[in-house]
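These notes concern the structure reproduced below.
Nothing in this text is a laboratory measurement; each read-out follows from the coordinates by a stated rule. Predicted model only: the values in this text are computed from it and were never measured. All Cβ positions, glycine included, derive from the backbone under ideal geometry; neighbour counts span all protein chains shown.
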Amino acid sequence: MTMNPTKITLTALAAAFSFAVTASAEDAKLPSASDKKDVTYATDIKPIFDTSCVKCHSGDKPKARLKLDTLEGALKGSKDGKILTSGDGANSLLVKAVTHQLKDSDGWMPPLNNKAGIKPLTPEQIGLILAWINQGAK
């Protein structure tokens, strides 16, 4: 059975377009970084983490051994390694987790339908986290 070259080309183009649309949809989940200057953990990020993260990521037995109640804990990362790359918020695991860009929904933070009723971060909160990481995570 021989396929028409035009049909093969159209099939390939359709597959490429489908992939491009999927990639764009994932990119669309990432809000813009805040334009606030001098974003710091203590002033801007800790209040977000206190509300949305430290219930599970603090204390003697933090989930994934990730402590977000201190700057040092956030910079250290989890049992699996660093969660952020200073200067590169868009590719940091922390940002991917809070924007639900991870393929495995078990890594989405805060988890969907969590027992504590913690809501997902707002685009403004994620924008501050992005700005914080992009500005050096201080």
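Across region 48-97, the number of residues qualifying as among the aliphatic types (A, V, I, L, M) and in contact (Cβ under 8 Å) with a residue 24 or more places away in the chain comes to 8.
If the condition is being of a type in the set (A, V, I, L, M, F, W, C) and over 23 Å from L71 (Cβ atoms), then region 96-115 contributes L102, W108, L112.
Note on region 37-72: residues that are farther than 15 Å from L121 by Cα, charged (D, E, K, R) and buried (at least 18 other Cβ atoms within 10 Å of the Cβ) total 1.
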